[in-house]
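Step one of this worksheet: look at the structure below.
What follows draws every value from the coordinates through simple rules; no lab data is involved. Computed from a predicted model, the values in this text were never measured in an experiment. Methodologically, a virtual Cβ is constructed for each residue, glycine included, from the backbone with ideal geometry; neighbour enumeration extends over all protein chains shown.
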Amino acid sequence: MDLGEVRMASGPSSRGEASDGPQDQSQGHSLYDAISALTSELSLDAVLQMATDLSRALVGASYSALGVLGEDGKLVQFITSGITQRGRDRIGRIPEGQGVLGTVLRQDIPLRLKDLAAHPDSVGVPRNHPKMKSLLGVPIVYKGRVLGNIYLTNKIGAEEFSQDDENLVTLFAAQAAVAIENARLFEDESRRSAQLDVLNRAGRELTSIFDLDKLLHAVAELLRQGFNYPSVQVFWVDRANQVLQVRAVAGLIQGFVPLGTTRAIGEGLAGWAAQNGETVLCSDVSVDPRYSSMIEGFESCAVLAVPVTVLDEVVAVINVDGMEPQAFDDSDAKTLETLADQLAVAIENIRLNRQQQEQSRRLAVAEERDRIGRDLHDGVIQSMYAVGLTLEDIASRADREPGEVGPRIEGVVSDLNQAIGDIRSYIMDLRPRELQGRSLDEALDSLILYLEDRTGVSVTLDVQMELASLSELYIVNLWHIFQEAFSNIEKYSKAKTVSVSLAVSDGNLSLDIADDGQGFDLEKSELGRGYGLPNIKDRAERLGGMLLIESSPGSGTRLKVVIPADQRMGPFSAAGGTNPTVARNNHGDG
């Protein structure tokens, strides 16, 4: 029922009129039954609808409505009785609380009118709305706070509602206020209990994840599934470039914002949270000048953005969108802040784990250097020392035994060549064995032939750059990425075809390795420990890049490594430059 177009600046209230008579025993029983039914329900939606239906039956009205107020005093819900759903749909949006509705909202006292249309400020009712004449409006008040209002129109069997009707509905509204508040408290406690269970589970699960992207994705899914938030984004704070980067999404926004999308720090509510290190709870984005949508076609009504702080620095922002105003309250903010603290601990664990791995790597390097030093001392240095002694002996005997000089010098040369070979061998051991004496192109061709011979898979290679111009750092790490990827394909994929492409675009080097094999479940994959995919990810990150994985059971797997091509890399040409594109299918070419 929509009374929003019937305007009344200051109209006469019938509250002071003489009662048509005392409430009879039947009305008392009806009120008791209505209150008993209402207080037996704990679902808020059910209580609101029941209060609307019971009030209409209590005084015999054709139509009734219950308007629920938000924290800002505006109508946020409008429940009706006596009008079909089709009729509601034809009327359209809920009223804004103007006209007679506004009068009841502002005055907080009952209002009775014999004829709405007779009032001088009345402008009628909305199109497609049932005709209304008599009105009874009663506020629903709980401990001095107005929760909403009950509106009744078209008294059945009489021209207007009586004083007894007003008294009856006023008593009912007082009990309805208690029932509504109890239902709200019950739902709030139920929600808090459920959220507490999710937080306890999060505390156990998040700290066991040692891959950052997987961790952030787990948080986004936790909020969507465990908290029933419709849309979740997790931003990573890139201080070097002063941007927020989308690293995880879940819910409705998933098809709108690609991973890796960036926006400036300070832009939007999430940017404000990152910049100021404070939680943002916006109940209505239309009135908050800080709000700005990231993409066209997706608009929030409410936003909750919580910063994640590690060692006094904001490293991430959890951003939750609501699809209606007043979607979040202080309880949501406190819950998300607790989750943000748990996420901060998990992020710090990842940092400490990487630090430990780096220390282990450095220890391994130190041990390898010690080994090389021992090998050089025990082998090459001793050989060189022996050569020196031999040359001294040759020099001392040159005059007395000139015939012995030539053969012995040849032996010294042979010893020197052997020492040089030993030194070269030690140096080459610092590179992968497969790259010793070969270019990356040659080693890659050999690796592809090896994969084809072992598995029968057909490999297509498309290289749109000059590999020889890459720096040693890039060559070694790319080689290990190829090795790991091809090893996974051989062991697990059961693929028939594999495509490999390497190109430069927009300042990035992009490596794509895709197969048509059996794929795997990304949700169940473990990237945080072990080898294989974690090694590929680690190699990409060593070059300042990232690994993206696309896979699902039965749909193959695609690995995409994106590496920045600036300053860290020697000059090379992209497709269309002086170096030709290499595109070939090695399988079956002999």
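For this structure, a couple of remarks:
- In Hz, Karplus ³J(HN,Hα) per residue of segment 454-466 (6.51, -1.76, 1.60; θ = phi - 60°; x = Gly, Pro): 6, 10, x, 6, 9, 10, 10, 10, 10, 10, 10, 7, 9
- Charge dipole magnitude, Cβ of K and R +1, D and E -1 - segment 209-341, Cα centre, debye nearest 20: 320
- In order along segment 32-48, the Karplus-derived 3J(HN,Hα) couplings, from 6.51 cos²θ - 1.76 cosθ + 1.60 at θ = phi - 60°, round to 4, 4, 5, 5, 4, 5, 5, 6, 7, 9, 10, 7, 4, 4, 5, 5, 5 Hz, and Gly and Pro are given as x.
- Cut-off under 5 Å, modelled amide H: who pairs with N508 long-range: A565
- Among 238-245, 214-221, the peptide with the highest mean count of other Cβ atoms within 10 Å heads the list, and the full ranking is 214-221, 238-245.
- Relative packing of 206-213, 281-288, 436-443, which averages over residues the other C-beta atoms within 10 Å, highest first: 206-213, 281-288, 436-443
- Cβ crowding within 10 Å averaged over residues, with 352-363, 167-178 ranked highest first: 167-178, 352-363
- Close amide-amide hydrogen proximity is noted between G322 and C301, A302, V303, L304, each under 5 Å apart and 5 or more residues distant or on a separate chain (H modeled in the peptide plane; Pro and chain starts excluded).
- Phi angles of segment 299-307 translate, via the Karplus equation with coefficients 6.51, -1.76, 1.60 and θ = phi - 60°, into HN-Hα couplings of 10, 8, 9, 9, 9, 10, 10, 10, x Hz per residue; Gly and Pro are given as x.
- Each of D516, D321 has some number of other Cβ atoms within 10 Å of its Cβ, and from fewest to most they run D516, D321.
- Fraction in percent of alpha-carbon pairs per bin - 10 Å, segment 209-341: 13, 50, 33, 3, 0
- Between segment 466-488 and segment 490-562, the Cα center-to-center distance that results, in Å: 14
- Amide H contacts for T460 (H built 1.01 Å from N in the peptide plane; partners 5 or more residues away or on another chain; cut-off under 5 Å): V498, S499, V500.
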